[in-house]
Amino acid sequence: MYDVIGDIHGHADELELLLQALGYREVRSVYEHPERKVIFLGDFIDRGPQIRQVLNIVRPMVDGGKALAVMGNHEFNALLFHTEHVHHKEAYLRRRDNKNIRQHSQTILQLPDRDLADCIAWFKTLPMWLDLDGLCVVHACWDDKALATIRAARPQDEALTSDFLHTACDPENPLFDAVEIILKGKEIELPQGQSFADNESHVRTATRTRWYMSPQGQTYRTYALTNKIDCQHALEQAVLDAAAPYPLDAKPVFIGHYWMSGRQPELLAQNVACVDYSVAKGGFLCAYRWHGEQQLSHQNFFWVGKEPKS
Ligand SMILES: [Mn+2]
């Protein structure tokens, strides 16, 4: 059975406290549990102060069979940031502009070049999702069509190739959208003239959606995965047509990524749990202790750290 742990973003102290609270103990410097394994949801790097320590806890657990892990968008971005573009000399697949450098800066500052290269090689081996007996795990969104597109480009979860990374950076190629959906979730444009300010005060005209819900009968406000949108228009037909809600009787799916806030973790649906509670923004590091249930319970959340500010 599994304990699913959300986005860590360089917060090793909280990770150790959480593992200890869940009954994991260090054996020859690797955390393990006699009966359980961790599943890490990705986003190990960037933002926080202890990125190297986090990787030094997570990697030996995964490599030693004490944990599984999927890739987060920050690991994927790091792969692109450090992969040279084959057609553009001295350019990288992820533009090294101020915004992208700022987002990745703590990782670059904290990891010596050799360690960083070693981590990049390891990130390439991470699967983008896990479809296990009784549960599914993905960083941001479970979408069968997107999974099939990625599967076709990476048949056996082999290490990501330079070819794959180049193709995934081409907005004209279906692999681009597929990776965006799986690692960042789905967004919809708000109706003309509508916008909102996100947590970092950026004005946005698109919003992340509650992709797992049926969009029928919903408004922009209720279908958005943020409470900052007031638009009460019904969703446009194109949004309804493009939606692929996650069936209530499907295996439970665990996600991270969404910087949730609140006094305590809540389920998104009876079979959908987000375990990212914003440890890197003063919130807490969260886990779900799964016992095999199809219908999830909010009582199975564990967390350490402060209550996230909303
Ligand atoms: Mn993320």
Antiparallel bridges, percent of DSSP beta bridges restricted to the chain (to nearest 5): 70
Percent antiparallel among DSSP beta bridges (both partners in region 1-105, rounded to 5): 35
Whole-number percent relative contact order across region 182-310, with pairs defined as alpha carbons under 8 Å at least 6 apart: 17
Chain lengthening between Val27 and Ala121 when straightened (0.36 nm per residue, less Cα-Cα): 31.3 nm
Accessible solvent surface per residue of region 261-310, calculated while the other protein chains remain in place, 1.4 angstrom probe, Å²: 46
Stokes-Einstein D (µm²/s) once Rh is taken as the Kirkwood radius of the chain over alpha-carbon pairs, at 4 °C in 1.567 mPa s: 65
Amide H within-cut-off set for Ala206, under 5 Å, with H built and near neighbours excluded: Leu190
Relative contact order (%) - criterion: Cα under 8 Å, at least six apart; region: region 92-210: 21
Accessible surface of the chain [probe 1.4 Å, protein heavy atoms]: carbon and sulfur percent: 47
For region 138-235, the Rg and Dmax computed from alpha carbons only, in angstrom: 15.8, 45
Gained length - Lys281 relative to Asp133, 0.36 nm times residue gap less alpha-carbon distance: 50.0 nm
Computed log₁₀ I(q)/I(0) - Debye formula, equal Cα scatterers, no solvent, region 1-90, q 0.21, 0.25 Å⁻¹: -0.97, -1.31
Between region 16-37 and region 100-164, the Cα center-to-center distance that results, in Å: 24
Burial ranking of peptide ranges 235-242, 216-223 (average Cβ count within 10 Å, highest at the top): 216-223, 235-242
Cα-projected label distance for Glu35 with Leu17, points at 7 Å along beta-carbon direction, nm: 2.6
Rough spin-label spacing in nm, given labels placed 7 Å along Cα→Cβ, for Arg221 and Gln295: 3.0
Partner lysines for Lys89 [C-alpha distance under 21 Å; skip if fewer than 8 residues away on the same chain]: none
Relative packing of 73-81, 24-32, which averages over residues the other C-beta atoms within 10 Å, highest first: 73-81, 24-32
Cβ-Cβ FRET estimate between Met1 and Gln192, R0 fixed at 41 Å, reported to 0.05: 0.25
Within the chain, helix-based [θ] at 222 nm, where runs of 4 or more DSSP H residues each add -39,500 (n - 2.57), nearest 500: -8500 deg cm²/dmol
Segments 41-51, 255-265, 126-136 sorted - mean Cβ within 10 Å per residue, highest first: 41-51, 255-265, 126-136
Amide hydrogen neighbours beyond the local backbone of Tyr212, cut-off 5 Å, H modeled: Tyr246
Set Lys99/Lys184; Lys66/Lys145; Lys145/Lys184; Lys145/Lys251; Lys99/Lys145 screened for pairs whose C-alpha atoms are more than 19 Å apart: Lys66/Lys145; Lys99/Lys145
Asp170-Ala269 FRET efficiency (beta carbon distance; Förster radius 30 Å; 0.05 resolution): 0.35
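The values are calculated or read from the model by the stated rules, or taken from the named source; none is laboratory data. Quick caveat: nothing in here was measured; it's all calculated off a predicted structure. No Cβ is skipped: glycine too gets one built from the backbone with ideal geometry, and neighbour counts run over all protein chains shown. For accessibility, only protein heavy atoms count, side chains too; no ligands or nucleic acids. Shrake-Rupley method; radii C 1.70, N 1.55, O 1.52, S 1.80 Å.
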